[in-house]
1. For peptide A:85-96, how many partner chain Cβ atoms fall within 10 Å of a residue's Cβ, on average?
2. Whose Cβ in chain C comes nearest the axis that rotates C onto A, and by how many Å?
3. Report the local net charge at A:TRP86: Lys and Arg +1, Asp and Glu -1, summed over other residues whose C-beta lies under 11 Å from its C-beta.
4. Within 10 Å of each Cβ of B:25-31, how many other protein chain Cβ atoms are there on average?
5. Note the distances from A:ASP50 to each other copy's matching label point, with points 7 Å along the Cα-to-beta-carbon direction, in nm, sorted shortest first.
6. Along each principal axis of its Cα atoms, how long is chain B end to end? Whole angstroms, biggest number first, please.
7. Charges only on Cβ, +1 for Lys and Arg, -1 for Asp and Glu: so what's the dipole of the protein assembly as shown about the Cα centre, in debye to the nearest 20?
8. Charges on Cβ only, +1 for Lys and Arg, -1 for Asp and Glu, centred on the Cα centroid of the protein assembly as shown; of B:LEU70, A:GLN75, A:ILE3, which one is farthest towards the dipole's positive end?
Amino acid sequence: MEIVRSNSNARMSQMVVYNGVVYLAGQVDETSQIGRSVLEQTRNVLAQIDGYLAQAGTDKTRLLTATIYLSDMSQFAQMNQAWDAWVSPQGLPTRATVQAKLAGAEFDVEIVVTAAV
Amino acid sequence: MEIVRSNSNARMSQMVVYNGVVYLAGQVDETSQIGRSVLEQTRNVLAQIDGYLAQAGTDKTRLLTATIYLSDMSQFAQMNQAWDAWVSPQGLPTRATVQAKLAGAEFDVEIVVTAAV
Amino acid sequence: MEIVRSNSNARMSQMVVYNGVVYLAGQVDETSQIGRSVLEQTRNVLAQIDGYLAQAGTDKTRLLTATIYLSDMSQFAQMNQAWDAWVSPQGLPTRATVQAKLAGAEFDVEIVVTAAV
């Protein structure tokens, strides 16, 4: 079976498709600055995910799994506010959310998803 | 290929089946209270996993992967005590265990598994 | 579909192959000692991954995903130095990197990968 990679730099691919599944890299708000709210960061992350899924010919109604990393679990409600407004009632993935420091101080939420293509 | 979702609320599904794989949401001990031991929490989490796998028509002998989050790595041995008593010698999944704060103070262990259906 | 497990002990398998995908357990530098640099640990982890992938009849050019746990995100650049020298430009997986305390004080980096077989 073919592996299709896209949006690759020298380090990783933002998206890999294989055997009916699209895997996305961990998405952080690419435009974030220190002090941006988790609500806004999450909205931007989810918009980035929409863009990649569209590029793979699928969308959020076909999500399989989500892993959410928050730099501070006290922002769980803010993240969920953006998440709940975004997910499709007919396309709810499994999910796990844990606290973890991320790769830059301007990033407070990172989301990894897989979806069916 | 069809996606089958179950035990969904407005936010996520506890289980998604696609292309021969069942994905479970991160399982915490749903009945936990602050102060409950990691040993007991882990036993309860694993019982919940058994229940979901049965619902998907599979069981722990067909586990593929497990990711375990512990709120305090000093409880690694307690978690393993419950894990080692539970896993099937013929069905050992891959595993990764890391420390991470979880979504509620009453939760000290969260386990994400995938299995073949 | 058959599940093939290998390098199993009483707790987990280091590798599981199913439906065209090989899943590896979280790899830490098995020979690590406290004080070993993240650069060296990462090189050893990636060599271990090469070994398991070879055993499964595949290699790093067919990587799908990577999840990287660092005990201290300030070592991100050191990890990347080893990573960037290792990955294949034609086989770049998706990736997510977060900070998490690992199962032993001698381990500062743990990597979980999946690959196509």
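1. 6
2. Residue with the nearest Cβ, plus whole-Å distance, for chain C: C:ALA100, 3.
3. Values: positive: A:ARG43, A:LYS60, B:ARG11; negative: A:ASP50, A:ASP84.
Within the 11 Å Cβ shell, the charges total +1.
4. Values: counts 8, 9, 2, 1, 0, 0, 0.
Shielding by partners across B:25-31 averages 3.
5. The answer, with the shortest distance listed first, is 4.4, 4.4 nm.
6. On the principal axes, chain B reaches 42, 37, 20 Å in Cα extent.
7. Working: 24 positive and 33 negative charges, 106 e Å.
In total the dipole reaches around 500 debye.
8. Looking along the dipole axis, the top candidate is A:ILE3.
No value in this document is a laboratory result; all are computed from the given coordinates. For clarity, every value in this text was computed on a predicted model and none was experimentally measured. All Cβ positions, glycine included, derive from the backbone under ideal geometry; neighbour counts span all protein chains shown.
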